[in-house]
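To start, the structure itself, in structure tokens.
The values are calculated or read from the model by the stated rules, or taken from the named source; none is laboratory data. Here the structure is a predicted model, which is why all the values come from computation and not from measurement. Glycine gets a Cβ as well: all are built from the backbone with ideal geometry, and neighbour counts include every protein chain shown.
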Amino acid sequence: ISDRLYFAILCQKPKSGAANTHYFCIDDELVYENFYADFGPLNLAMVYRYCCKLNKKLKSFSLIRKKIIHYTGFDQKKQANAAFLIGSYAIIYLRESPEDVYRLILAGSISYLPFRDASFGTCSFHLTLLDCFHAINKALQYGFLDFNTFDLNEYEHYERAENGDFNWIIPNKFIAFSGPHSRSKIENGYPHHAPEAYFPYFRKHKVTTIIRLNKKLYDAKRFTDAGFEHFDLFFADGSTPSDTIVKTFLNICENAEGVIAVHCKAGLGRTGTLIACYIMKHYRMTAAETIAWIRINRPGSVIGPQQHFLMEKQAELWTEGDIFHAKLKGNRKIAVTRILSGVDDISINDTRNRRTIRKDIELYSDEDETNRVTQGDKLRALKSRRQAKGPTASPLTVILQSTVQKHKTSEPSISDSTDITKRTTRSAARKNSLK
């Protein structure tokens with residue numbers, strides 16, 4: 001905003017008390033919780049908190065005559081996240097285009113580190129600030145993002161491992177969640193939840209369909225007996241899906257009557273990859289924009305070769321989407337065969353057109369995943385330990401004791417949260433600053 005709102009990179013903290021200038025920094029306030037070498041973008045709750053903070057400053061009577069400067073330091077990772085926040089604000093509230101925001105952010109020949117996936121080693125796929133800005137813009141355009149209805153408390157409650165570890169990717173369409181277990185327990189520091197723990201929330205939010213992408217850690221009948229549809233589309237942890245699995249997944253989602261809840265082991269790699277295929281087909285978002293949006297909602301999603309797989313599938317999915325929507329517009333019936341009828345699961349034995357799986361990724365069966373610690377196991381354990389160290393988290397020993405006590409009576413429900421209710425009033429007050 002000319003003569004009002006600025007973004008700056010400063011080598012040292014500015015002196016306070018200037019008559020016509022107000023400086024603020026969020027580098028140590030809104031901090032990305034990494035898995036490995038990943039460092040951003042910051043999640044949707046942090047974008048919301050930032051927007052609340054900035055709106056409050058812009059409306060403050062005491063700051064009405066002051067220039068407001070959001071500054072960041074020389075840490076390149078924090079620079080990228082700070083730029084992402086103020087750029088997102090400009091798109092959401094100032095209605096600036098992604099290109100114009102990106103041009104302003106780059107003024108003065110500044111360059112920013114691109115974001116990367118939740119893995120170690122050399123990064124083979126860069127996610128730029130511009131990709132993230134386009135993701136925010138298209139989310140607004142398609143109704144995925146609306147801070148007037150965004151529930152901060154719900155987001156921050158249910159993303160936690162002990163509360164279910166799930167996120168909405170598309171409102172009223174897709175939930176990505178960590179895989180349920182045969183019974184609720186703590187394993188390797190990660191709280192597992194039985195299928196029944198999800199029933200109240202899923203029913204309340206009209207979830208009708210469950211899609212499992214990992215090995216069978218629970219009996220699907222526990223979902224189907226409760227009235228949910230359940231499908232198995234197994235492929236190896238860390239790998240990419242076959243064309244058959246992609247087409248079957250899209251077929252299921254296009255014919256589901258309600259919300260679809262998708263999980264693999266951690267609900268990040270395989271889950272994010274297939275949901276991305278749907279978004280690319282039906283909303284014509286680029287692979288990079290789609291990955292950005294999914295990570296903003298559920299950090300750590302889409303990993304390694306899965307990123308390149310989506311890039312290679314982009315043109316094909318766009319074409320399929322064009323044909324699909326052209327048929328709908330022409331009021332012609334689409335003959336869809338429920339090819340999963342009577343089929344227990346589809347495995348990764350169909351390896352045709354698996355163009356982006358690296359040679360060092362070994363394809364294996366459902367049984368093989370049982371006998372080794374996989375990428376999903378490591379990511380889930382990292383998330384739980386990281387959250388247990390957070391200032392608002394209960395110590396893991398307390399979580400463990402609480403879970404053990406609950407098991408003595410009945411399976412706990414992740415929707416039974418007195419904490420989220422207590423925070424509702426405070427959330428409502430914060431929401432008012434956005435309106």
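Taking the conditions exactly as written (in a helix (DSSP H, G or I) and either modelled with pLDDT under 50 or over 22 Å from His263 (Cα atoms) (or both)), does Glu369 satisfy them or not?
no
Give just the number: which of (1) outside any loop (DSSP other than H, G, I, E, B); (2) out of contact with any helix residue (DSSP H, G or I) (no Cβ under 8 Å at 6 or more places or on another chain); (3) closer than 22 Å to Arg4 by Cα does Lys78 not satisfy?
Single failed check for Lys78: (3).
Could you tell me whether segment 22-37 includes any residue that is in a helix (DSSP H, G or I), in contact (Cβ under 8 Å) with a residue 12 or more places away in the chain and surrounded by 14 or more Cβ atoms within 10 Å (Cβ to Cβ)?
There is no residue in segment 22-37 that is in a helix (DSSP H, G or I), in contact (Cβ under 8 Å) with a residue 12 or more places away in the chain and surrounded by 14 or more Cβ atoms within 10 Å (Cβ to Cβ).
Right, Tyr102: hydroxyl-bearing (Ser, Thr, Tyr) and closer than 26 Å to His308 by Cβ or not?
In short, yes.
Does any residue of segment 141-164 turn out to be touching a residue at least 24 places away in the same chain (Cβ under 8 Å), in contact with a Ser or Thr (Cβ under 8 Å, 6 or more places away or on another chain) and part of a loop (DSSP other than H, G, I, E, B)?
Checked against the condition, which is being touching a residue at least 24 places away in the same chain (Cβ under 8 Å), in contact with a Ser or Thr (Cβ under 8 Å, 6 or more places away or on another chain) and part of a loop (DSSP other than H, G, I, E, B), segment 141-164 yields at least one hit.
How many residues, within segment 299-321, are in a helix (DSSP H, G or I) and touching a strand residue (DSSP E or B) at 6+ places or on another chain (Cβ under 9 Å)?
1
Given the criterion over 19 Å from Pro114 (Cβ atoms) and touching a helix residue (DSSP H, G or I) at 6+ places or on another chain (Cβ under 6 Å), identify the matching residue among Leu42, Leu63, Leu58. Lay out the reasoning, then the answer.
Details: Leu42 fails: over 19 Å from Pro114 (Cβ atoms); Leu58 fails: touching a helix residue (DSSP H, G or I) at 6+ places or on another chain (Cβ under 6 Å).
On inspection, the qualifying residue turns out to be Leu63.
Need a quick list: helices (runs of 4 or more DSSP H) entirely within segment 194-298 having at least 2 residues that are more than 26 Å from Ala326 (Cβ to Cβ) and over 15 Å from the mean Cα position of the chain (by Cα).
199-204, 221-224
Of the conditions (1) at pLDDT 95 or above; (2) in a loop (DSSP other than H, G, I, E, B), Ala8 fails just one. Which one is it?
(2)
Say we look at segment 68-126 and pick out the residues that are of a type in the set (Val, Ile, Thr) and more than 21 Å from the chain's Cα centre (by Cα); which of these is nearest to Gly238 (Cα to Cα)?
Looking at the filtered set, the residue picked out is Thr122.
One residue is enough: does segment 121-128 have a residue meeting the conditions outside any loop (DSSP other than H, G, I, E, B), assigned by TED's automatic domain parsing to the domain that holds Gln79, modelled with pLDDT of 95 or more and more than 15 Å from Tyr48 (Cβ to Cβ)? So that I can check it myself, show each step before the final result.
Within segment 121-128, the subset outside any loop (DSSP other than H, G, I, E, B) is 127.
Subsequent filtering for residues that are assigned by TED's automatic domain parsing to the domain that holds Gln79 retains 127.
The next check asks that each one be modelled with pLDDT of 95 or more; those that pass are 127.
Subsequent filtering for residues that are more than 15 Å from Tyr48 (Cβ to Cβ) retains 127.
Yes, the conditions are met somewhere in segment 121-128.
Just to be sure I understand the filter: pairs with C-beta atoms under 7 Å, separated by 6 or more residues or on different chains, first member in segment 199-223 and over 16 Å from Phe166 (Cα atoms) and among the aromatic types (Phe, Trp, Tyr), second member in a strand (DSSP E or B) and modelled with pLDDT of 95 or more. Which pairs pass?
Phe223/Ile210; Phe223/His230
Looking at segment 297-309, is at least one residue among the aliphatic types (A, V, I, L, M), within 13 Å of Ile169 (Cβ to Cβ) and buried (at least 24 other Cβ atoms within 10 Å of the Cβ)?
yes
Taking segment 268-284 on its own, how many of its residues are among the aliphatic types (A, V, I, L, M) and either under 16 Å from Phe125 (Cβ atoms) or at pLDDT below 95 (or both)? Spell out how you get there, then give the answer.
From segment 268-284, those among the aliphatic types (A, V, I, L, M) are 268, 274-276, 279-280; that's our starting set.
Applying the additional criterion that residues be either under 16 Å from Phe125 (Cβ atoms) or at pLDDT below 95 (or both) yields 268, 276, 280.
Residues meeting the conditions: 3.
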